[in-house]
Amino acid sequence: MLKFPLIVDLGLQVARCITRDSECVRTAVRLLKNGEVIGLPTDTIYGIACDAQNDVALSRLYTIKSRDCKKPIAICVGRVEDVSLWGNTRTVTNDVLNDLLPGPVTLLFDRSNRLNRNLNPDVEKVGIRVPDHPFIQIVANELGRPLALTSANISNEPSSLAVEEFDAIWKHLGAVFDGGRLENDRLGSTILDLSVGGRFAVVREGQAACETYAKLTKRGLLRCSR
């Protein structure tokens, strides 16, 4: 039985997702299907997310973050096997994907034709995440479409480890799902370009960078410059 008790209503729905609750998942999915942006925990920092296939929701996400519209946003799926639906993963083996995911990494692949062309329209690659956090995985799976996912903060401001740290944008969100304070640093995910077979390029060093490079090297991938 899924348990995510909804504990507070502050004019938007603030929910605590320490345990798993189907009602909380249904709330998140309903809001996403309605084009809302929600705040929620990941395995790195708090994020804000919307339905990546919904143009209106994407526009709202960029506005909330005050983000440059030319700056790409990654997507999130709930299962490792779903990565290949949205990116061309033929450049890596399933073993590589399963070594890295779920986990604190964003993997760049050439984008799939099924991905919304209005998501990062001038970019041929897409960053894909499978965070190691049950709530966001369940929500993505129940939605049945990828989430557009970015950090829960105004652009160029510090990332958030607790929901109170991004309360300035709560009024713009359909809901905030509170998983408690995240016990790690403020680094986001490590971003890796895996779009060329046999190689990897580091786009951004984030959490678990050294461990991630070791896994790729062990699988025979060569590190190269972008």
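Taking Rg and Dmax of the Cα atoms in Å as the quantity of interest, determine which of (1) 22.7, 87; (2) 16.7, 52; (3) 18.9, 57 was computed from the displayed structure.
(2)
Among the listed pairs Lys33/Lys70; Lys65/Lys171; Lys71/Lys125; Lys65/Lys215, give every one whose C-alpha distance is greater than 23 Å.
Violating the 23 Å Cα-Cα cut-off are Lys33/Lys70; Lys65/Lys215.
Comparing Lys65, Lys171, Lys33, which has the greatest mean-square fluctuation in the GNM of the chain with Cα pairs linked when under 10 Å apart?
Lys171
Treat every Asp and Glu Cβ in the range 75-129 as -1 and every Lys and Arg Cβ as +1, leave all other atoms uncharged, and give the resulting dipole magnitude about the Cα centre to the nearest 20 debye.
180
Using the alpha carbons of the range 131-214, what is the convex hull volume per residue in cubic angstrom, as a whole number?
140
Counting Lys +1, Arg +1, Asp -1, Glu -1, what net charge surrounds Ala52 among other residues with beta carbon under 14 Å of its beta carbon?
Here the charged neighbours net out to +3.
Only loop residues by DSSP count here, and only those with at most 15 other Cβ atoms within 10 Å; note down the GluC sites (Glu not before Pro) in the range 156-196 that meet that.
Here the GluC sites (Glu not before Pro) that fit, given the DSSP loop and packing criteria, are Glu183.
Each residue of the range 80-97 in order: what ³J(HN,Hα) in whole Hz does its phi give by Karplus 6.51 cos²θ - 1.76 cosθ + 1.60, θ = phi - 60°, with x for Gly and Pro?
Listing the rounded values in order: 4, 5, 7, 4, 5, 6, 10, x, 7, 9, 5, 7, 9, 8, 4, 4, 4, 4 Hz.
Long-range amide H contacts for Arg204: which residues qualify at under 5 Å (H placed 1.01 Å from N, peptide plane, sequence gap of 5 or more or a different chain)?
The answer is Ile191.
What figure, in Å² to the nearest 10, do you get for the accessible area of Cys69 with a 1.4 Å probe and non-protein molecules left out?
100
Can you show me the helix-derived [θ] at 222 nm for the chain, built from DSSP H runs with n ≥ 4 at -39,500 (n - 2.57) apiece and divided by the number of residues, rounded to the nearest 500.
Per the formula, -6500 deg cm²/dmol.
Compare the Cα positions of Phe200, Ala168, Cys69 along the charge dipole of the chain (+1 at Cβ of Lys, Arg; -1 at Cβ of Asp, Glu; about the Cα centre) and return the one farthest towards the positive end.
The Cα lying farthest towards the positive end belongs to Phe200.
Pairing the Cα long axis of helix 55-65 with the longest principal axis of the chain, what angle in degrees results, from 0 to 90 and rounded to the nearest 10?
Around 80 degrees separate the two axes.
Once phi is turned into ³J(HN,Hα) by the Karplus curve 6.51 cos²θ - 1.76 cosθ + 1.60 with θ = phi - 60°, what whole-Hz value does each residue of the range 137-143 show in order, with x for glycine and proline?
Whole-Hz 3J(HN,Hα) from phi for the range 137-143: 5, 5, 4, 4, 5, 5, 5.
The values are calculated or read from the model by the stated rules, or taken from the named source; none is laboratory data. None of these values were measured; they are calculated from a predicted model. Glycine gets a Cβ as well: all are built from the backbone with ideal geometry, and neighbour counts include every protein chain shown. When the accessible area is computed, the model is the full protein with side chains, heavy atoms only, and any ligands, DNA or RNA have been set aside. Shrake-Rupley method; radii C 1.70, N 1.55, O 1.52, S 1.80 Å.
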